[in-house]
Amino acid sequence: MKQKELKALLDDMSLDEKIGQLVQLSGEFLQANDISYGPREKLGITKETVNLIGSVLNVAGAKATRKVQDMQMRVQPHHIPVLFMSDVIYGYKTVYPIPLGLGATWNPKLVENAFQKAANEASAAGIQVAYAPMIDVVHDARWGRVLESPGEDPYLNSVYAKSMVNGFQKKLGEKQGVVSCFKHYAAYGDVESGREYNTVDMSLSNLFQNYLPPYKAAVKAGAKMAMTSLASLNGVPSTADKWLLDTVLRREWGFKGIIISDYASIYELIKHGFAGNIEQAAKKAINAGVDIDMKSPCYAKGLKSLVTDGKLDEEKINQATWRILCLKNELGLFENPYFGISEEKESNKNVSLSNRKLARKLATESLVLLKNKNGALPLHKEEKAVLIGPYADNHQLLGMWAIHGNSQDTVSILEGMQKYNPDIKVAKGTDINRNRHLFEEMGFFSEKQIDQLVSAPEVEKENNQEALKLAAGADTVVLALGENSLESGEAGAKTNLCLPDNQLKLIKDISKLGKRIVVLVISGRPLVLTNIVDKVDAIIECWFPGTEGGNAIADVLFGKENPSGRLSMTFPYDVGQEPIYYNHFSTGRPYHGSQHKGRFVSKYLDAPVDPLYPFGYGLSYGKTKIKNIELSNKYFKQNGKVKVKVNLENTSDWDQKEVIQLYIHDKVAGLVQPVKRLIDFTKVDIKRHSEEEVSFEISPNQLAYFDNTGKEVVEKGEFDIFVGKNSMECLSTKLELI
């Protein structure tokens with residue numbers, strides 16, 4: 001449709017129609033022949049409003065979306081098609097590792113390919129907008145939603161933001177792919193105490209330097225939609241923050257797309273105490289710049305009276321409606337309201353062999369080898385290995401937010417290992433968790449379902465005995481342990497980050513047998529592994545590895561693949577260290593290098609300051625070392641560039657991938673700066689017994705920081721330059737900006 005025709009359509013729409021375009025409802029309103037009365041009654045909106053809605057939440061599948069589109073276009077006076085939006089966070093039917101695992105690949109190109117494939121699967125099923133990527137910078141493993149983020153570093157998350165948005169939107173012009181809706185704008189990853197839906201409060205310097213860059217990268221990559229955070233930021237709920245949404249996002253960054261609230265967050269302005277009623281909430285949100293009200297009654301019930309009472313200029317509604325119509329027009333929905341919907345493509349594309357191949361590769365590169373004492377891994381053909389644990393023969397490897405995935409498509413760890421050893425013996429050993437109260441708090445399980453998750457005492461005893469008997473006859477015991485998938489993800493905040501007591505008991509009992517023990521950790525967050533690290537020989541962090549998880553894990557266990565995953569989030573020594581992250585600020589009395597000694601430095605009395613495993617850490621089966629750091633020039637000007645190079649030597653019999661990381665530290669600045677800050681990285685393939693030169697180029701803008709007005713500053717002075725394989729073990733030199 002031409003712009004002139006689109007403008008004529010807008011001008012011909014009634015106020016009710018325009019408001020309808022700003023309302024998003026979920027599938028239960030639309031699935032029945034007659035609109036279901038229950039959901040409408042609960043939300044307090046009319047059937048007429050349902051008929052006029054502009055977008056639909058979490059309806060998927062070619063048949064379902066086509067049916068709903070036909071139904072809605074019949075009842076909409078101008079036959080305007082709806083947009084179908086859904087959570088496609090790390091895959092659609094083919095599920096890739098959780099984003100925290102994708103972050104651990106340090107392979108943005110591979111991640112971009114995965115998001116393109118996920119987008120094509122989702123598009124064939126009728127989804128036009130994906131609520132992803134979630135690019136919140138995360139520092140606190142207590143927060144369940146760290147599962148959805150690439151990690152704790154603003155630069156790394158920015159790189160992934162670009163690759164994920166590009167992957168989603170690459171083929172929109174060919175009626176493939178999906179619109180990318182990045183989230184949660186802004187700084188939702190810093191909620192206090194790691195508790196879901198909590199408050200965020202920080203300086204502008206911290207906000208601009210450490211939290212906003214990934215969102216800005218998504219805008220620069222061309223993302224067409226943004227979702228607000230559920231939290232308040234510095235006292236203002238993000239959903240009604242005009243400075244955040246209009247001044248920064250739209251005016252300073254030039255974002256021209258649609259802003260959508262998170263689920264019910266406009267109504268929740270009332271709960272925040274920021275609005276007194278529905279009308280006030282609606283007025284504050286639309287004046288701030290929120291175009292679409294997701295699953296709340298505020299726009300549907302509040303906007304019209306605000307306009308008719310003269311409390312809101314209708315032009316605000318016109319602007320929001322125009323942005324929505326423009327996106328629908330850009331997607332060609334007025335000519336073809338079905339976009340990429342295709343039952344044939346849906347059937348052929350979903351969980352295809354090529355998608356599985358990519359999922360296996362990504363899962364392999366996401367696995368992080370945390371410990372490998374005396375070469376316990378890889379497993380050797382001559383040794384007798386057994387597989388024990390609640391995740392041994394379990395297809396629930398997808399994680400909480402793979403809402404469209406099917407566990408029946410998932411390769412279990414047992415199935416993966418059987419491809420290498422068809423006779424491998426397996427035992428459950430124990431449940432994933434035996435804490436009934438925890439399952440009750442999750443809010444998803446009935447008492448009957450909890451009875452199935454928590455074995456009767458006599459069954460648990462039998463499982464323990466079977467596992468110990470099996471382990472007693474083995475050389476190596478592979479233990480598949482971890483969290484229940486619903487222990488992480490949204491509303492999955494926890495204060496205990498250790499493995500559950502029943503799993504710890506299983507490790508303890510088996511460790512008494514004197515066998516080699518390899519632990520596979522299935523989790524959606526960094527766990528505290530301090531209490532098991534000395535009892536086992538090897539540990540692999542597997543995350544929730546997705547559809548091909550079992551094959552990827554087996555490939556690494558048996559040495560077909562050399563592990564190359566590196567942590568994108570710090571693993572704490574103790575939960576009391578949280579939030580813990582590598583790029584913390586310098587202090588006057590640092591634990592390392594203070595002029596003071598003993599008690600009066602920044603430390604804990606009962607735990608180390610340093611993490612168990614730092615950001616960027618990970619082992620491989622081979623050994624590499626970095627040597628000979630050199631700068632092309634020790635001094636450079638603000639319009640110059642400096643090359644930093646090192647030699648990477650592979651001293652082993654393994655070909656492998658190594659992640660080389662470049663960090664800086666601004667030694668003297670107008671504001672206190674982080675002890676280290678990642679500014680670049682590269683993943684290098686290096687052959688056995690070979691040496692490669694690895695180089696980076698540093699520009700002055702990479703040395704910039706943000707002041708407390710949000711202004712970017714580049715100051716002359718001395719910088720420490722670090723190159724290493726993780727954030728703690730680096731070679732260093734000095735560089736001066738003159």
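List of remarks:
- Filtered residues of segment 499-537 (kept if of a type in the set (G, A, S) and either at pLDDT below 95 or over 24 Å from K469 (Cβ atoms) (or both)): S523, G524
- Test: residue in segment 275-289 that is modelled with pLDDT of 95 or more and in contact with a Pro (Cβ under 7 Å, 6 or more places away or on another chain): yes
- Residues that are closer than 13 Å to G724 by Cβ and either touching a His at 6+ places or on another chain (Cβ under 7 Å) or not polar (S, T, N, Q) (or both), drawn from segment 649-664: E658, V659, I660, L662, Y663, I664
- Taken together, K345, K328, K284, K361 contain a single residue that is buried (at least 21 other Cβ atoms within 10 Å of the Cβ), assigned to a helix (DSSP H, G or I) and touching a residue at least 60 places away in the same chain (Cβ under 8 Å), which is K328.
- Check on G482, surrounded by 14 or more Cβ atoms within 10 Å (Cβ to Cβ), closer than 30 Å to G559 by Cβ, in contact (Cβ under 8 Å) with a residue 24 or more places away in the chain and not hydrophobic (A, V, I, L, M, F, W, C): yes
- Test: residue in segment 575-591 that is at pLDDT 95 or above, surrounded by 23 or more Cβ atoms within 10 Å (Cβ to Cβ) and either of a type in the set (K, R) or more than 30 Å from G189 (Cα to Cα) (or both): no
- Within segment 306-320, at least one residue is part of a loop (DSSP other than H, G, I, E, B), among the basic types (K, R) and free of Cβ contacts under 8 Å to residues at least 40 places away in the same chain.
- Residue in segment 440-459 that is crowded, with 21+ Cβ neighbours inside 10 Å, more than 25 Å from the chain's Cα centre (by Cα) and not in a loop (DSSP other than H, G, I, E, B) present: no
- Top-ranked residue in segment 13-56 [being of a type in the set (S, T, Y), surrounded by 15 or more Cβ atoms within 10 Å (Cβ to Cβ) and closer than 24 Å to V307 by Cα; ranked as modelled with the highest pLDDT]: S55
- The lone criterion from (1) assigned to a helix (DSSP H, G or I); (2) outside the structural domain of N355 (by TED's automatic domain parsing) left unmet by I553 is number (2).
- Residues satisfying the stated conditions in segment 71-115, i.e. farther than 19 Å from A402 by Cα and of a type in the set (F, W, Y): W106
- Some residue of segment 464-479 being in contact (Cβ under 8 Å) with a residue 24 or more places away in the chain, surrounded by fewer than 20 Cβ atoms within 10 Å (Cβ to Cβ) and hydroxyl-bearing (S, T, Y): no
- Test: residue in segment 584-591 that is more than 14 Å from S366 (Cα to Cα), touching a residue at least 12 places away in the same chain (Cβ under 8 Å) and in a helix (DSSP H, G or I): no
- So S123, is it small (G, A, S) and either within 15 Å of the chain's Cα centre (by Cα) or assigned to a loop (DSSP other than H, G, I, E, B) (or both): no
- Enumeration of residues in segment 53-79 that are touching a strand residue (DSSP E or B) at 6+ places or on another chain (Cβ under 8 Å), within 20 Å of K18 (Cα to Cα) and assigned to a loop (DSSP other than H, G, I, E, B): I53, G54
- Y617 in contact with an Asp or Glu (Cβ under 9 Å, 6 or more places away or on another chain), assigned to a loop (DSSP other than H, G, I, E, B) and closer than 30 Å to T364 by Cβ: yes
- Exactly one residue among F115, F84 is assigned to a helix (DSSP H, G or I), touching a residue at least 24 places away in the same chain (Cβ under 8 Å) and closer than 23 Å to S180 by Cα, and that residue is F115.
- Of all residues in segment 499-518, those satisfying the criterion of being closer than 18 Å to Q396 by Cβ and outside any loop (DSSP other than H, G, I, E, B) are N502, Q503.
- All positions within segment 134-178 that are of a type in the set (K, R) and buried (at least 24 other Cβ atoms within 10 Å of the Cβ): R145
A quick yes/no check of all residues on (1) closer than 24 Å to H592 by Cβ; (2) in contact with a helix residue (DSSP H, G or I) (Cβ under 8 Å, 6 or more places away or on another chain):
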site: L612; (1), (2): yes, no
site: F636; (1), (2): no, yes
site: T651; (1), (2): no, no
site: L671; (1), (2): yes, yes
site: Q702; (1), (2): no, no
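- R436, sole failed condition from (1) charged (D, E, K, R); (2) free of Cβ contacts under 8 Å to residues at least 24 places away in the same chain; (3) closer than 27 Å to Y90 by Cβ: (3)
- Matching residues, segment 195-252, being in a loop (DSSP other than H, G, I, E, B) and among the charged types (D, E, K, R): R195, E196, D201, K224, D241
- Pick from segment 504-550, criterion within 20 Å of the chain's Cα centre (by Cα) and among the charged types (D, E, K, R), ranking: surrounded by the most Cβ atoms within 10 Å (Cβ to Cβ): E548
- Residue within segment 678-695 that is without any contact (Cβ under 8 Å) to a residue 40 or more places away in the chain and β-branched (V, I, T) present: yes
- For segment 253-279, a tally of residues being assigned to a helix (DSSP H, G or I) and farther than 15 Å from I317 by Cα returns 6.
The values are calculated or read from the model by the stated rules, or taken from the named source; none is laboratory data. The structure displayed is predicted, hence computed values, not measured ones. Neighbour counts are summed over all protein chains in view; Cβ atoms, including those assigned to glycine, are modelled from backbone coordinates with ideal geometry.
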